[in-house]
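Below is one structure, written out as structure tokens; the observations come after it.
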Amino acid sequence: MAEKQNALPRHIGIIMDGNGRWAAQRALPRSAGHREGAKAVKRTLEAASQLGIAYLTLYAFSTENWSRPPEEIQTLMDLLEKTLDEYQKSANKKDWRVLISGERDRLPAAIVAKMDALVRATAENKGLTVNLALNYGARQEIAHAVNRLIKEGLQTVTPQDISLRLYQPQIPDPELIIRTSGEERLSNFLLWQAAYSEFYFTPVLWPDFNAEELQKALEDYRARKRRFGGV
Ligand code: FPP
């Protein structure tokens with residue numbers, strides 16, 4: 001009997017890595033790598049949307065990224081703000097729904113306001129859900145869930161109690177997590193949700209990622225045998 005193939009994942013998480021190395025290879029400043037990275041984000045959203053992927057979580061800024069030089073943080077925040085502006089104009093046309101996962105503290109007020117406006121404006125859209133992980137850390141997310149449970153006064157908790165109090169409890173766990181640039185680690189991304197995720201690592205640097213690279217990841221995923229602890 002033919003092996004059962006995995007269907008299309010409903011939810012893909014992406015750790016977008018390698019912007020700095022892409023720039024260094026061209027003797028360009030790191031900011032140039034991030035700008036190209038923002039273009040790759042757009043391409044990837046279009047490709048995922050056309051393929052019929054339901055949820056895409058993008059690791060845009062981690063809680064650890066605050067330790068980067070201030071100029072680099074500024075570049076990333078400027079790019080984010082520009083991206084939020086663009087999506088505010090185009091997300092409804094594309095029927096994309098935007099969600100933001102992360103802690104709001106430390107983010108510039110202008111960005112928080114634009115995030116909220118975009119989430120509100122796209123709340124009813126039915127196409128691709130783009131979950132931007134922004135000032136995101138998975139341990140912080142789990143602590144956030146546990147703090148809610150403490151406030152609610154629960155004495156014992158089940159894994160489901162925790163799942164239901166994460167930032168986006170309505171999103172199914174990611175079947176596939178992609179990391180670019182040859183690094184093979186989770187770096188505090190979706191630790192709880194990744195319990196049964198398949199991982200796909202590619203040496204391609206994030207600014208070079210495109211529809212074809214996404215297809216390769218999906219082909220690889222299709223061939224995996226997912227057993228969830230069974231036989
Ligand atoms: C990793 O490259 C990338 C990031 C720090 C975050 C991703 C940011 C973008 C793709 C740009 C804008 C994002 C949006 C959503 C508009 P790195 O700097 O760690 O690369 P390196 O490991 O080669 O130094």
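Each reported figure results from applying straightforward, stated rules to the coordinates on display, with no laboratory input. The structure presented is a predicted model; accordingly, all values stated were derived computationally and were not measured. Reconstructed Cβ throughout: ideal geometry from the backbone, glycine too, with neighbour counts over all protein chains shown.
Condition check for Ile53 on (1) over 15 Å from the mean Cα position of the chain (by Cα); (2) buried (at least 21 other Cβ atoms within 10 Å of the Cβ); (3) away from the ligand (no atom under 14 Å from the Cβ); (4) not charged (D, E, K, R): one failure, at (1).
Residues of segment 150-162 that are in contact with a helix residue (DSSP H, G or I) (Cβ under 8 Å, 6 or more places away or on another chain), surrounded by fewer than 16 Cβ atoms within 10 Å (Cβ to Cβ) and part of a helix (DSSP H, G or I): Asp161 alone.
What are the residues in segment 38-57 that are small (Gly, Ala, Ser) and touching a Leu at 6+ places or on another chain (Cβ under 8 Å), if any?
First, the residues of segment 38-57 that are small (Gly, Ala, Ser): 38, 40, 47-49, 52, 54.
Passing the criteria: Ala38, Ala47, Ala48, Ser49, Gly52, Ala54.
Hey, among the residues in segment 29-50 that are farther than 30 Å from Ile142 by Cβ and more than 12 Å from the ligand (Cβ to nearest atom), which one's surrounded by the fewest Cβ atoms within 10 Å (Cβ to Cβ)? Step by step, filter segment 29-50, then rank; the result is Gln50. Scanning segment 118-149 for residues that are over 27 Å from Glu64 (Cβ atoms) and part of a helix (DSSP H, G or I) turns up Arg120, Ala121. Taken together, the residues in segment 191-212 that are in a helix (DSSP H, G or I), closer than 17 Å to Glu175 by Cα and touching a residue at least 40 places away in the same chain (Cβ under 8 Å) amount to 2. Note on segment 69-106: among residues that are in contact with a helix residue (DSSP H, G or I) (Cβ under 8 Å, 6 or more places away or on another chain) and in a loop (DSSP other than H, G, I, E, B), the one that is nearest to Tyr167 (Cα to Cα) is Gly102. A search for C-beta distances below 7 Å between a residue of segment 64-92 that is in contact (Cβ under 8 Å) with a residue 40 or more places away in the chain and any residue that is aromatic (Phe, Trp, Tyr) and more than 9 Å from the ligand (Cβ to nearest atom), counting only pairs 6+ apart in sequence or on different chains, returns nothing. Checking each residue in segment 170-190 for being in contact (Cβ under 8 Å) with a residue 12 or more places away in the chain and basic (Lys, Arg) picks out only Arg179. Checking each residue in segment 61-76 for being of a type outside the set (Val, Ile, Thr) and either touching a Phe, Trp or Tyr at 6+ places or on another chain (Cβ under 8 Å) or over 17 Å from Ser101 (Cβ atoms) (or both) picks out Phe61, Ser62, Ser67, Arg68, Pro69, Pro70, Glu71, Glu72, Gln74, Leu76.
For segment 202-213, the condition holds for no residue, the condition being that it is more than 16 Å from the ligand (Cβ to nearest atom) and buried (at least 18 other Cβ atoms within 10 Å of the Cβ).
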